[in-house]
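Engineer: What follows is a single structure, and I will ask about it in a moment.
The values are calculated or read from the model by the stated rules, or taken from the named source; none is laboratory data. It should be emphasised that the depicted structure is a prediction, and the values quoted were computed from it without experimental measurement. All Cβ positions, even for glycine, are placed from backbone atoms using ideal geometry, and neighbour counts span all protein chains on display. For accessibility, only protein heavy atoms count, side chains too; no ligands or nucleic acids. Shrake-Rupley method; radii C 1.70, N 1.55, O 1.52, S 1.80 Å.
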Amino acid sequence: MLMNRAETALVNSPARRWLQRGEAHLLRRLGGRVPGGRALELGCGSGNGTRLILDTFGADRVDALDLDPAMVARARRRLARFEDRVRVAVGSATDLRTALAPDGGEDGGYDAVFDFAIVHHVPDWRSAIAEVVRVLRPGGRFYFDEVTAAALATRGYRWLFDHPTEDRFTGEEFVAELQRQGLRIGGWRTYLRGHYLLGVAERPGGDGESR
Ligand SMILES: C[S@@+](CC[C@H](N)C(=O)[O-])C[C@H]1O[C@@H](n2cnc3c(N)ncnc32)[C@H](O)[C@@H]1O
């Protein structure tokens, strides 16, 4: 689901970039870096998260996608100097093969997948999680930073922003869905009275070593 104008302005603001830097540091503390790895970012927005995946997490290459062509254009401008390491595509997190064809979105193709506050925008978010599980290699990690049903129900979110109204999740429900789909939870926490959620999960079957 696309963002409305108010949320688009917020996501493109210096305040969001500042906050996202903090989120990335917390996620790195929970899940470690992915040096030399190939990463995927869902819902990349302005491209700031992709930059953090390169710099803070040490990924070598990032495929990024967003449903909104205007955000993809903005991300491409921000990331132009990394064109040999970054690819930004228009598409949905629920169908990565189509979005990232011909050379992305394949089974087990990524060392890490990043969700910086996008899955709560996806009405069929459980399908997006299924795609995350499919594209992670065994031992690969899913870094998530989410907005829960409690936040979306507040007056501020309801007045200012548009979000799917069905099947919203609490932190516990999100984590339970990751486990149900076969991921092993490395660590997670909610903050600000359960309104936000941060965590890392791993696709089992790797050699147990962090890269
Ligand atoms: C709240 S913004 C977060 C943007 C960025 N990740 C950040 O943290 O600043 C959510 C983003 O998800 C995108 N989005 C919404 N539904 C999507 C979907 N099904 N697949 C991919 N991107 C989606 C929106 O266009 C928007 O750019």
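Engineer: Any idea of Thr148's accessible area? Nearest 10 Å², probe 1.4 Å.
Structural biologist: For Thr148, solvent-accessible area is about 0 Å².
Engineer: While we're on this one: Ignoring ligands, DNA and RNA, how do Glu131, Glu202 rank by accessible area with a 1.4 Å probe, largest first?
Structural biologist: Per-residue accessible area, sorted high to low, gives Glu202, Glu131.
Engineer: Pull out the extension gain between Asp103 and Asp124, defined as 0.36 nm times the separation in residues minus the alpha carbon to alpha carbon distance; nm, one decimal.
Structural biologist: Extending this stretch completely gives an extra 5.1 nm.
Engineer: Report, in deg cm²/dmol and to the nearest 500, the calculated mean residue ellipticity at 222 nm for the chain, where each DSSP H run with n ≥ 4 adds -39500 (n - 2.57) and the sum is divided by the residue count.
Structural biologist: -10500 deg cm²/dmol
Engineer: What are the DSSP H helices in the chain that stretch 15 Å or more along their long axis, judged by alpha-carbon atoms, and whose average Kyte-Doolittle hydropathy comes to at least -0.5?
Structural biologist: Span-like helices, by this rule, are 125-135.
Engineer: Please arrange Thr56, Thr154 by accessible surface area, largest first, computed with a 1.4 Å probe and ligands excluded.
Structural biologist: Numbers: Thr56 15, Thr154 45 Å².
Ranked list, largest accessible area first: Thr154, Thr56.
Engineer: What accessible surface, in Å², does a 1.4 Å probe find on Met1, ignoring ligands, DNA and RNA and rounding to the nearest 10?
Structural biologist: It works out to around 80 Å².
Engineer: Turning to a different aspect of this structure: Measuring with a 1.4 Å probe in the full set of protein chains, what accessible area per residue, in whole Å², belongs to the chain?
Structural biologist: Result: 47 Å² per residue.
Engineer: Considering only protein heavy atoms and a probe of 1.4 Å, how much of the accessible area of segment 5-202 is carbon and sulfur, as a whole percent? Write out the running numbers ahead of the final one.
Structural biologist: Details: 4540 of 8830 Å².
Taking all protein chains in place, segment 5-202 shows 51 percent carbon and sulfur surface.
Engineer: Can I ask one more? When each pair of different Cα atoms in the chain is counted once in the 1/r mean, what is the Kirkwood radius in angstroms, to one decimal?
Structural biologist: Values: mean 1/r = 0.0592 Å⁻¹.
The Cα-based Kirkwood calculation yields 16.9 Å.
Engineer: Which of the GluC sites (Glu not before Pro) across segment 16-108 are loop residues per DSSP, with 16 or fewer other Cβ within 10 Å?
Structural biologist: Hits after loop and neighbour filter: Glu83, Glu106.
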